[in-house]
1. For region 357-411, name all the residues that are among the charged types (D, E, K, R) and closer than 25 Å to Tyr510 by Cβ.
2. Tyr388: more than 31 Å from the chain's Cα centre (by Cα) and either buried (at least 17 other Cβ atoms within 10 Å of the Cβ) or aromatic (Phe, Trp, Tyr) (or both), yes or no?
3. Can you tell me how many residues within region 182-209 are under 27 Å from the mean Cα position of the chain (by Cα) and either part of a loop (DSSP other than H, G, I, E, B) or over 21 Å from Phe423 (Cβ atoms) (or both)?
4. Mind checking which residues of region 216-246 are hydroxyl-bearing (Ser, Thr, Tyr) and either loosely packed, with under 12 Cβ neighbours inside 10 Å or out of contact with any Asp or Glu (no Cβ under 7 Å at 6 or more places or on another chain) (or both)?
5. Name, by its number, the condition in (1) within 25 Å of Met439 (Cα to Cα); (2) modelled with pLDDT under 95 that does not hold for Asn113.
6. Only one of (1) in a strand (DSSP E or B); (2) within 17 Å of Gln404 (Cα to Cα) fails for Ile389. Which number is that?
7. Checking Ala450 against (1) out of contact with any helix residue (DSSP H, G or I) (no Cβ under 7 Å at 6 or more places or on another chain); (2) of a type in the set (Gly, Ala, Ser); (3) outside any helix (DSSP H, G or I), only one condition comes out false. Which one?
8. Being in contact with a helix residue (DSSP H, G or I) (Cβ under 8 Å, 6 or more places away or on another chain) and loosely packed, with under 14 Cβ neighbours inside 10 Å is the filter here; which residues of region 455-474 pass it?
Amino acid sequence: MEFLIREHTLIRDLLLPFQDLMIGYEVEKSILEHNLYGVDINEDAVEIAKLSLWLRTAHKGRELTSLNDKIICANSLLAMPFEENSFDVVIGNPPYVRQEMIDGEIKEKYVQNYKYVATVAADLYVYFYELSIKLLKERGLLGFITPNKWMERKYGLNLRIYLKSYNIKQLINFGELKVFDDASTEPAIIILENRISDNDISYAMIKSIEEAQLGDYKTLFYKKSELSSDIWRFTNPLTASVLVKFKDTGTTLKSYTNSGVFYGVKTGLNKAFIINENTYQEIISKDKNSNQLLKKMVEGDDFDKWELNHSGRYMVATGYGLDIREKYPAIFEYLEQYKDALIKRQDKGVYYWNLRACDYYDELEKPKLIYYHTALNHKFYYDSDGYYISANCYFIANADKYLQSILNSKLFSFVKKYLFPAFGDAEKGGRVRLDANKMNSLPIKKIDEAQQQPFIKLVDEILNSKETIKKYKKHYEKLNAIEKIEISEAIEKLELNVTQYEKEIDAMVYALYGLSADEIAIVEGV
């Protein structure tokens, strides 16, 4: 409603030069009667807006303009008081309400009323797009500022398809910039004309608030045909060519592994189920059989691409229906201190000490790739020791070292920025989220075992080098001065070897996907 008040002032000022043709009062009255309309679900906001407009336009001896049919309190998504195809311009900042906060019955009505954009997981602002376009006259203009997540998230698929058919005159993405002091949502502005069009989209990624305020930002034009409905990521032709070659492969990651990507274990009470080395030793000292359920675990900061440093954390893996009272008495005794909190968990197993139901506990014991889901630089560690994974990580079950070489390559580090949701500008350092569903659909070049061997051999060379470096560093402080110099030189040589092996893997991956010299250069950032 604050916008209406500011817009009234703007229109009045624009018409001031014509005051020789009509008196100021008539100007203001005309604005209120014919130019400004507003709807808000908050009755107080509506009344404040009316009062403010009256105070700005009141003249002694003149009747106040009626605003009862202009500024209206209503849930516009369910009972829009204005007719469709009746507005020249619709401008808005729809409420940022996550779908989990929408009442179930009301959400069903939204889904029924807005079939073009609706999904069961759509946040509230999504529905306002369809509503507002319906209100516009032919060639009318829509101006919205909303979260930018609709361009990438699954719930925005229908909205992307819907908007793509219209004339998108401008799309301004603020990435992760904090535009509003009282909101952390990453916003985007869209200016759209209500007519079917194949015109290019004018797109800008804003790098700073100052840049936006000065209008000093770079605008590029993109063909709609280059935008996949799956995700809107704006790229140049050379990048698009790399993406086509990467995606033009024979199988998905899920099919390749014959398994897929899974979440880490969600315990519901980490302070009970995740223990340190001291607690582990204490439990084992009471009952050695406890070792069967106390699993070494890793979190996001425990591993790199080629090495893992166990931090001394363990997970108490009590399964879904295991009765531990007699077989594992020391673990039962330990968990008893958390009994009340364990019982209160919403998601638990048959007994209060059990973990939640999970179909893939057995997969954790098999060879797998571990990675942190949201990061600038993702690292895929190959684990064959049965580590359990915390909830902030994912793992790819039944994985191998060939797959590890692909995912740790520069090519994947490049293409992931365009294939997965990003926080901010992925090309300029925004974090990327490798969610399970999209990772399962990730295209993987499938080759036979003989063709995989050069990749696997290089991975093994790296792993052996890293293991040797770790051993050297472990005993470094015990060495004399001369030995330290020798070991430092050996470590430096091994690190150089690792770098060279990584370059060789990258070159093999480029060849595998048929990249040209120019395409390799853009991947390498040359």
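The values are calculated or read from the model by the stated rules, or taken from the named source; none is laboratory data. Values in this document were obtained by computation on a predicted structure and should not be read as measured data. Backbone-built Cβ (ideal geometry, glycine too); neighbour counts: all protein chains shown.
1. Within region 357-411, Lys379, Asp400, Lys401, Lys410 meet the criteria.
2. Judged against the criteria, Tyr388 is not a match.
3. 13
4. Those that are hydroxyl-bearing (Ser, Thr, Tyr) and either loosely packed, with under 12 Cβ neighbours inside 10 Å or out of contact with any Asp or Glu (no Cβ under 7 Å at 6 or more places or on another chain) (or both): Thr219, Ser225, Ser228, Ser229, Thr235, Thr239.
5. (1)
6. Result: Ile389 fails condition (2) only.
7. In the conditions (1) out of contact with any helix residue (DSSP H, G or I) (no Cβ under 7 Å at 6 or more places or on another chain); (2) of a type in the set (Gly, Ala, Ser); (3) outside any helix (DSSP H, G or I), Ala450 misses (3) alone.
8. The answer is Asp460, Lys473.
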